[in-house]
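Worksheet: the structure to be examined is printed underneath.
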Amino acid sequence: MASKLLSILATSLGPTQARLELKWMQQQARHPAQLTEMVTRRSRGEPLQYILGSQPFGPLNLLTRPPVLIPRPETEHWVIKLADRTSASPTSPKSLLDLGTGSGCIPLLLCHLLPQGSLRTHGVDISPQALDLAKENAAVCGIPPSSPGSCARNTRNTFTATLGNFLDPMFSEDATIDPPYDIITCNPPYIPWHEYLKLPRSVTAYEDPKALFGGPTGLDFYHAIAHLVRQTNFIRPGAVVALEVGHNQAQDVERIMRVHAHVRDTEIWPDPWGKQRTVLAHL
Amino acid sequence: MLSLSRRWLRITPAVCRFASSHAHSPSDSKNARIMRILEKRIEERKRLSSELSHDMSSSADIIRLKQLKESEPLQAAWDEYTRTRQLLDETTALFEDSDEAMRALALEEHQSLSTSLTSLISSHIPSLLIPPSPTTHLSAMLELKSGVGGSESSLFLADLMRMYLRLANSRRWHTSVVSQNENEGGGIKDALVEVKGDGAYEALRWESGVHRVQRVPATEASGRVHTSTVAVIVLPLVEETDSADALFSMDDVKIEVMRARGAGGQHVNKTESAVRLTHIPTGITVSMQDERSQHQNKRRAFTVLRSRLMDLKISREIAERRATRQSLVRTADRSEKIRTYNYAQERVTDHRIGLTLKNLSSVLEGDGLQDFIDALQKDHAESVLEDMLSAE
Ligand SMILES: C[S@@+](CC[C@H](N)C(=O)[O-])C[C@H]1O[C@@H](n2cnc3c(N)ncnc32)[C@H](O)[C@@H]1O
């Protein structure tokens with residue numbers, strides 16, 4: 001039985017990966033029929049994370065649900081590093097805006113890792129499904145929304161999320177946006193058109209195209225972010241902007257931040273696989 | 001304090017008498033050596049209390065008081081020893097008594113006093129003298145690897161693992177299987193189990209080595225007995241919060257991800273969480289892929305790395321102690337065959353201490369394993385004592 005399932009998985013995944021994934025499915029399946037169903041779905045190309053309904057992200061275990069983008073290990077890596085580099089304390093709490101929050105993974109992990117009462121985060125997304133999932137994830141992780149009336153000090157780190165479109169030129173006028181911010185994080189859709197066609201089916205057939213598509217060159221969203229950063233009083237002096245980028249976009253994004261957002265101090269972090277993955281802009 | 005010193009002086013000849021008049025057998029001379037060590041400790045106590053200032057004003061007093069408190073059981077044992085000796089002398093005097101009934105009573109009394117004195121010297125006092133092991137409170141990391149014997153070895157590994165999980169359960173240790181690779185033909189190829197709880201390492205460390213099974217495999221039609229082996233490695237488990245960070249510097253650890261991931265990021269949603277650590281100075285590598293997140297695999301890999309380095313440190317310390325004095329303490333050679341489980345004869349033999357239990361199922365499913373562990377711990381305690389005596 002198990003060996004039959006294993007060989008089904010192995011045809012699409014190879015033997016090593018198949019063994020691991022089968023084990024993870026076995027740990028979750030409540031009865032044999034469910035396991036068989038999981039394996040069938042997986043062999044048709046559905047992402048494991050949607051089948052299992054969750055994905056660990058740092059010490060958190062986040063819910064995953066189509067079509068909201070599955071949190072990636074590259075993102076996990078740079079967010080943990082960002083937490084290490086961020087000094088926040090209840091006496092000087094920081095305010096963070098996450099653009100295109102998806103599952104909420106970035107602000108939720110930062111809320112979890114930084115000292116309680118030192119961080120207030122807000123996520124924006126254009127997708128209602130993403131928003132619902134992000135709020136559920138906050139509840140699952142025990143991260144409360146901030147108390148209304150933003151002057152009140154929170155004793156805990158907080159997360160709120162609202163619908164919004166940060167490509168909209170009037171975005172910063174949105175009532176739910178509360179600048180100035182100390183930290184902007186964003187993993188925007190960054191896949192250019194020509195690469196979209198070459199993506200694996202497990203990505204294109206299951207994950208939201210709106211979460212992936214970055215316009216013809218993949219850089220549309222970075223221009224919008226540069227525009228936001230340049231606005232007066234949108235971010236505090238000394239703020240940091242952390243942007244995840246596609247495998248060959250770091251130089252372009254760094255240039256956009258320098259030329260269009262007038263940032264002089266930038267930095268690029270590699271991911272664990274050696275790709276330039278994150279552009280940091282220090283204001 | 002004067003009274004203590006006078007009392008001590010008074011009873012000293014008793015010890016000498018004991019040592020000289022009874023030093024015929026090797027065990028007697030050993031007992032005499034044990035008593036000499038105890039005497040030294042009692043002398044130290046005396047010195048410590050004489051150094052206490054009258055008003056307890058100095059900060060060194062706190063340390064002295066603590067040391068005195070720690071050695072209280074030694075003082076109690078010493079007091080009991082001297083009392084028993086005194087009683088013995090008194091009863092000996094009655095051997096000459098004119099009343100026959102009294103003489104008989106004295107003889108009886110003398111016998112029972114001698115017995116308590118012997119057990120005091122040969123077991124209670126040594127247990128107090130042996131320095132507490134620095135690893136007493138550590139949890140353990142249990143690694144099982146199938147050896148020769150193919151599938152049969154994997155099946156036996158599963159049996160051994162159950163045996164350890166059962167033991168842990170009855171000792172109320174908390175276990176979690178960190179990783180485990182099933183064998184296609186049944187059984188388990190290898191496994192890594194965390195055993196958390198006070199004394200887990202201290203008990204399980206004696207399980208390190210090659211375990212051999214002799215039985216007719218369930219799959220063997222001809223009924224021929226096969227011999228297969230499983231290697232067990234028990235490492236001390238060091239929690240992240242322990243002062244273990246001194247074990248290595250982060251700069252010395254190379255962290256690698258195991259596979260190429262193409263463009264990565266949004267382009268790929270395959271789970272690729274395997275991680276490999278290399279501790280450059282020692283060349284120790286640890287790979288971990290059982291968890292779905294890289295972060296978790298990394299944490300687990302670091303736990304294993306800390307255990308390996310801690311283990312290395314412990315064996316290095318043992319080797320150093322050995323080099324400085326002729327130690328009898330045995331280090332576990334992991335390639336050494338330590339135990340045989342013979343199914344046909346229903347017996348288990350530990351080759352290190354030559355102990356055989358004629359009830360195999362009690363070892364695999366009952367208290368038999370604990371018996372082995374007790375015997376091994378006792379054996380170890382004895383060799384530590386030997387070591388201490390020869391260093392005097
Ligand atoms: C690549 S996903 C990142 C999700 C999540 N932050 C992460 O790292 O896993 C991009 C997200 O941006 C959202 N998005 C796309 N266009 C947007 C827009 N114009 N305004 C706000 N959010 C948008 C998508 O719905 C998607 O959730």
Point to revise | Residue list for the stretch A:273-283, filter: within 13 Å of chain B (Cβ to nearest Cβ), open to solvent by 10 Å² or more (accessible area, probe 1.4 Å) and in a strand (DSSP E or B) | key: A:GLN276
Review point. So, of the residues in the stretch A:200-233 that are within 13 Å of the ligand (Cβ to nearest atom) and among the hydrophobic types (A, V, I, L, M, F, W, C), which turns out to be most open to solvent (accessible area, probe 1.4 Å)?
Key: A:PHE213
**Study point:** Hey, B:ILE188 within 14 Å of another protein chain (Cβ to nearest Cβ) and open to solvent by 50 Å² or more (accessible area, probe 1.4 Å) or not
**Key:** no
**Study point:** Residue selected from the stretch B:250-302 under the condition among the basic types (Lys, Arg) and not in a helix (DSSP H, G or I), by the criterion surrounded by the fewest Cβ atoms within 10 Å (Cβ to Cβ)
**Key:** B:LYS254
Review point. Is it true that some residue in the stretch A:130-145 is within 21 Å of A:ILE225 (Cα to Cα), within 16 Å of the ligand (Cβ to nearest atom) and open to solvent by less than 60 Å² (accessible area, probe 1.4 Å)?
Key: yes
Practice item. Please state which one of A:LEU69, A:LEU113 is away from the ligand (no atom under 15 Å from the Cβ) and open to solvent by 20 Å² or more (accessible area, probe 1.4 Å). Key: A:LEU113
Exercise for review: Looking for whichever is more than 16 Å from the chain's Cα centre (by Cα), within 14 Å of the ligand (Cβ to nearest atom) and within 22 Å of A:PRO67 (Cβ to Cβ) here; the options are A:LEU167, A:LEU163. Which one fits?
Suggested key: A:LEU167
Point to revise | Residue in the stretch A:170-185 that is nearest to the ligand (Cβ to nearest atom), counting only those that are modelled with pLDDT under 95 and among the hydrophobic types (A, V, I, L, M, F, W, C) | key: A:PHE171
**Study point:** In the stretch A:186-199, residue nearest to the chain's Cα centre (by Cα) [restricted to those that are aromatic (Phe, Trp, Tyr) and either at pLDDT 95 or above or within 14 Å of the ligand (Cβ to nearest atom) (or both)]
**Key:** A:TYR190
Point to revise | Residue pairs meeting the criteria (Cβ under 9 Å; at least 6 apart or on separate chains; first among the acidic types (Asp, Glu), in the stretch A:163-175; second near the ligand (Cβ under 8 Å from one of its atoms) and not in a loop (DSSP other than H, G, I, E, B)) | key: A:ASP168/A:ALA224; A:ASP174/A:VAL124
Check your understanding: Any residue at all in the stretch B:152-172 that is closer than 30 Å to B:MET250 by Cβ and either open to solvent by 10 Å² or more (accessible area, probe 1.4 Å) or among the hydrophobic types (A, V, I, L, M, F, W, C) (or both)?
Key -> no
Check your understanding: Within the stretch A:118-129, which residues are among the aliphatic types (A, V, I, L, M) and open to solvent by 10 Å² or more (accessible area, probe 1.4 Å)?
Key -> A:ILE126
Practice item. Return the residue satisfying two criteria in turn: it lies in the stretch B:41-67 and is in contact (Cβ under 8 Å) with a residue 24 or more places away in the chain and not acidic (Asp, Glu), and of such residues it is nearest to B:GLU386 (Cα to Cα). Key: B:ARG41
Revision key, fill the gap. If you go through A:ILE106, A:ILE126, the only one that is within 9 Å of the ligand (Cβ to nearest atom) and closer than 19 Å to A:TRP78 by Cα is A:ILE106
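The values are calculated or read from the model by the stated rules, or taken from the named source; none is laboratory data. Note that the structure is a prediction, hence the values are computed from the model and not measured. In this analysis, Cβ positions are derived from the backbone assuming ideal geometry, glycine residues included, and neighbour counts consider all displayed protein chains. Side chains included, ligands, DNA and RNA excluded: accessible areas come from the protein's heavy atoms. Shrake-Rupley method; radii C 1.70, N 1.55, O 1.52, S 1.80 Å.
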